[in-house]
1. Select from Ala223, Gly55, Gly79 the residue farthest towards the positive end of the dipole of the chain; place +1 on Cβ of Lys and Arg, -1 on Cβ of Asp and Glu, and compute about the Cα centre.
2. Show that you can apply the helix-only estimate: for the chain, add -39,500 (n - 2.57) for every DSSP H stretch of four or more residues, divide by all residues, and state [θ] at 222 nm to the nearest 500.
3. With +1 on each Lys and Arg Cβ and -1 on each Asp and Glu Cβ, and nothing else charged, work out how big the dipole of the chain is about its Cα centre, in Debye to the nearest 20.
4. Give the relative contact order (percent, whole number) for the stretch 3-266; include only Cα pairs under 8 Å separated by 6+ residues.
5. Return the Cα extents of the chain along principal axes one, two and three, sorted largest first, each rounded to a whole Å.
6. Please report the antiparallel percentage of DSSP beta bridges with both residues in the chain, rounded to the nearest 5.
Amino acid sequence: MSGNLQLLAETLDQARQENRAALITYMPAGFPTVDEGIAAIRAMLNSGADIVEVGLPHSDPVLDGPVIQAAADIALRGGVRIADVIRTVREAYEATGKPVLVMSYWNPISRYGAERFSRELAAAGGAGCILPDLPVQESARWRECATAHGLATIFVAAPSTTDERLRELAAAASGFIYASSLMGVTGVRDSLSTAASSLVRRIRAVTPLPVCVGIGISTAAQAAEVADFADGVIVASALVKAVLGALDTAAGAATVAELTAELSLATRRAADGRRAR
């Protein structure tokens, strides 16, 4: 294991040793602007987030709900480019020393070039990439490049994923497995599906990799619920929504920092292994 893939593994292991789930947060690059996005990401990492996902805005975000779609549209209309995504990763990592991942659809990376993208991401201090729409069977080229540059390849498993497919996914993955708490697109939900805990158990049956749960987690109570059975809690839309509703950059960063701190506290468990209530 090399590069910031090692940092990612150590961060997840440290959270486990501290009897808590790691908090993983998300923000698209270039939203509302490149500089404002970097400010929001730094605010999250300085307020309790262990790991951050930097979204690569895409014109056809089929797996994203309306909140993240709106943010991606703002970033794209502002002219965000992959160079801005790499800059966001670099500045977030250099400012905090924490693992920074890129969340992206496969098409933009394929067009940019897998080797070029992985090389630039690693040089910026990135720890890896989450690729929700890249089938494992078509991922060999990306994984070759990622491995060469010490990057994690993180696949997304859904409640509908068969046990056979889970085994294939786990064998090809590195860093952690991203378990979707429900079927459907990203977004804020009033309650969580019971499918999440079952999916985590199924994934753990086929791999020693940590399992982090995302999609639909928006409140401290929901984060606490997931932290009781997962290695990591992933929050995206609620944080993006906080920036969308802010009056200015400072207000957005402050709101994001406050929510992140609440979520971070919620991921801690009591001595019996469950979260302190």
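Every number in this text was worked out from the coordinates using simple rules, so none of it is lab data. What you see is a predicted model; the values in this text were computed from it and never measured. So basically every Cβ, Gly included, is an ideal-geometry build from the backbone, and we count neighbours across all protein chains shown.
1. Ala223
2. Calculated from helices alone, the mean residue ellipticity at 222 nm is -14500 deg cm²/dmol.
3. Roughly 380 debye for the chain.
4. 22
5. Extents along the principal axes: 47, 42, 32 Å.
6. 5
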